[in-house]
Each structure stands twice: as C-alpha cells, then as structure tokens.
1. How high is the relative contact order of the range 312-383? Use alpha-carbon pairs under 8 Å, at least six apart in sequence, and give a whole percent.
2. So for each of 140-149, 180-189, 57-66 I average, over its residues, the number of other beta carbons within 10 Å; can you give me the resulting order with the highest mean first?
3. Of LYS12/LYS170; LYS89/LYS176; LYS23/LYS170; LYS176/LYS299; LYS23/LYS144; LYS8/LYS165, which ones are farther than 32 Å apart at the Cα?
4. Which value, in Å to one decimal place, does the Kirkwood hydrodynamic radius take for the chain when every pair of different Cα atoms is included?
5. In Å, what is the Rg of the alpha-carbon atoms in the range 39-136, and how long is Dmax?
6. Please list, ordered by chain and number, the residues whose modelled amide H lies under 5 Å from the amide H of GLU269; skip anything fewer than 5 residues away on the same chain.
7. Take every Cα pair under 8 Å in the chain that's 6+ residues apart, average their separations, divide by the length, and report that relative contact order as a whole percent.
8. Picking from LEU328, TYR42, HIS255, whose Cα lies most toward the positive end of the charge dipole for the chain (charges on Cβ: Lys, Arg +1; Asp, Glu -1)?
Amino acid sequence: MAKVFLFKGKEKRVEYGHPWIFKSDIESISGSFRPGDAIEVYSRGNRFLGMGYINPKSQITVRMLSPEHEEINGDFFYRRISSAWDYRKKIADTQSCRVVFAESDFLPALIVDKFGDYLVVQTLAMGMDRHKEEVVEILDEIIKPAGIFERNDVPVRELEGLEQKKGYLKGHFDTKVQMVENGIKFTVDVENGQKTGFFLDQKENRAAIKPLVKGAKVLDCFSHTGSFALHAAYYGAQDVLGIDISAHAVEFAAHNARQNGLEHICRFETANAFDKLRELDDQGQKFDVVILDPPAFAKTRSAVEGAVRGYKEINLRAMKIISSGGFLVTCSCSHHVDPDLFMDIIYSSAIDAKRKVRLVEYRGQAKDHPVLLASEETQYLKCAILQVV
Ligand code: SAH
C-alpha cells in the first residue's frame, strides 16, 4: 500500500480531524497506487496519521477515512453507514432525511438522501465512486428501500476525473417519488430535480415558521418546489405567493399545493426574484412574512463580494415590503459567507431600508446534516428569523 508523507507542520490539521489533504501539503509518496486507492498517511517524522483514499487529479488529493490502521473494505463501509443510519433514527424523522452527509459522517464525498421509500446517492470523489456498488448493496441491506437512484450529474465530479451520470442503481421505478415532511406531502423528481431533488437541510427551519404565519400574507422567494410556501399555508397562512426562476420547480410546487389541498391559498409564479421584489416594492405591496432562501451566491471565496451585493439587495427589498411587526426568514447556504458576515449584511440592509429589525431566532442546517467541528466546510446553512418593527 502506498504511503503519503506530509510536509512538516501539515499533520496538525489531520490530527485535529480535518478530512482533507491538499496537493500542496504532500512532500512525497512512496509505493505505487491507482487513483482512488486507499493509502496510508504519515507525518514528515514518519508518524502514522491514518488511512485515506488518493486521487492525484484532485486538489484535495487525499480524503481521510480513518485515524486507525484498518482495511478499507465492505465491512468498513458497513460500519460507517450503519452508524450514520443509527444516528438518523435517533435525531430525525427518517421518512425523509439525509442518511449520509459525507465528511460529517466520516464517509468523504458520499451523499445519500432518503425520500419516502427511495434513496438518492451521490459519489463525488474517485475513492468513493470506486466503492459505489458496495455502498449501494449495504444501503439496500440496512435500509431496504424500494429503489435507489444515482445523481452524479454534477460538475464537481469532473475535478476528480469522473464523468457526469445519472440513472437507476436499484430497481426501475417512477422517478417522481412521494415523501412526507412535517406532515406535508411532496412529490420529488429524483431524476430531473435540482441536486438530489429536494433540499432536506431546511426541514427544521420550515417547521420553525409555524408561529409566524397564522392568518398571514406570505411571500416565499426562491421557492423551488414550494416547501416553505406549503408549510406556511399548512400552518394557517391566508395567502401565499411563491416565486422561482425555474419553470420545472414551479410546476412541481403547484402540484404539491394541489396534493395537499392548499391550492386555494398558494400561488406560484415563474420569475426572477430580484425583479419581482423590486416590482412588489414599486407597487407598494405589503406582506406579513417574507422568506428568502436563495441558491449559494458565493460558490468560491473570490465570489464573496458579488454575493454580498446579491444578499444585500434581496434583504433590503424584502424588509421594505414587510408590514410593521412582520417577519423576515432569511437564509444563505454559501459556506464562504460566514455567520458574522451574513448578520452584517442583514444589519446593513436594515439601515438602508430604514427599518428596525430584531433577531427572533438564529438557526442552521437540520440535525441530519451535522457540522463536523474539525471541518468548517460542513457548516454552510444560515437561517435568521427576524422581526421587522
Ligand atoms: N426554498 C427552497 C430551496 C431553494 S433553492 C426549498 O426550501 O426547497 C434555490 C432556488 O432558487 C432554486 O429553486 C432556483 O431555481 C431558484 N433561483 C435561482 N436563481 C433565482 C432567481 N434569480 N430568482 C428566483 N429564483 C431563483
């Protein structure tokens, strides 16, 4: 088995539990290997640091699998997946949940989402992709889903030298699958929906809007398949407007409203939320609750400046159209916009909107997306609930 030796000082992060070793951390490699193979990692001083898998094509050249000397085989994946599933059974409603959250579950680059009776899998690095069939068999054995679908049609795979692909991994089934979240029915398009089809990380934040929306007029921007909008209606809102730029998402949102008998309360429009917010402000319209859940505006550190402008614009507009005493539920899923920066943006939006704003609750991602303290990249979702006085 090949051995990777790190430059002096580069062992610390690994010892503290960060699972990534960058190309620039590596001083030398002894022995031969194929991309995706398990290797051993050592400090400059020849101290064993753990096992990982290697891919010289990737800037993240090694992803750590274990601090122990252990074989990376079917048993290893069985133990890791079982413990991920046991954790979900303890802390989540497993009808719909994230079963494996990659680095946070010590299974780097593996994502598994459960929507009702079906699983969706992503293997986003060479080493994990190599074990895909084994992982699928283990998931099948432990969870016994009706079917499993692969959503590896993501550009990040190309950084690893992997092709983009999607398709069935177990069974052939209608890829529009049914799930229930917080008592509300959703149809999830696991084949053509965004990411794995549904954003499970917001499940607890959706439930958290319950006390704010009774009898309210609600605007849900970036509504995707209508999840926040439907929660608002389900919890007693009087009138809900959802906006998304994707016609496919809007079509599913309208369908989801109908299957819950909420179509008389929820309307959905295909539009650019930036334009729509400006238009509503120009028209002098008011809402009791506005929800903002945009896509990641900053996918890289260099994109942060532009992202700040984007967040500022939508938050400022939203604050202007919220009636006095109403609420803003504002989110960011850009890891590079950290919680302090996000709150600064909200505060400066409030100043420009000339509104007084109180923080009611500050929230993060759902418990089935745990944050690994050693890996700050695993903390990405921010959700601030504010009252606009
Ligand atoms: N709130 C949703 C998830 C939102 S994901 C949920 O809880 O399920 C971000 C959404 O923003 C995607 O559906 C995407 O289609 C949409 N989007 C991206 N840019 C947009 C824009 N400029 N205006 C409106 N929607 C946009």
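A short reminder: the numbers here are calculations on the coordinates, not readings from a lab. Keep in mind that what you see is a predicted model, and the values were worked out from it rather than measured. Because the Cβ atoms are built from the backbone with ideal geometry, glycine has one as well, and the counts that use them run over all protein chains shown.
1. Numbers: 65 pairs, mean separation 30.3, N = 72.
Once normalised by length, the contact order is 42 percent.
2. Details: 140-149: 16.5, 180-189: 18.2, 57-66: 20.0.
Top to bottom by mean Cβ count within 10 Å: 57-66, 180-189, 140-149.
3. Details: LYS12/LYS170 41 Å; LYS89/LYS176 25 Å; LYS23/LYS170 36 Å; LYS176/LYS299 29 Å; LYS23/LYS144 39 Å; LYS8/LYS165 39 Å.
Beyond 32 Å: LYS12/LYS170; LYS23/LYS170; LYS23/LYS144; LYS8/LYS165.
4. On the way: mean 1/r = 0.0450 Å⁻¹.
It is 22.2 Å.
5. Reported Rg and Dmax, both Å: 14.5, 50.
6. GLY242, ILE243, ASP244
7. On the way: 832 pairs, mean separation 42.6, N = 389.
For the chain, the relative contact order is 11 percent.
8. Of the listed residues, the answer is LEU328.
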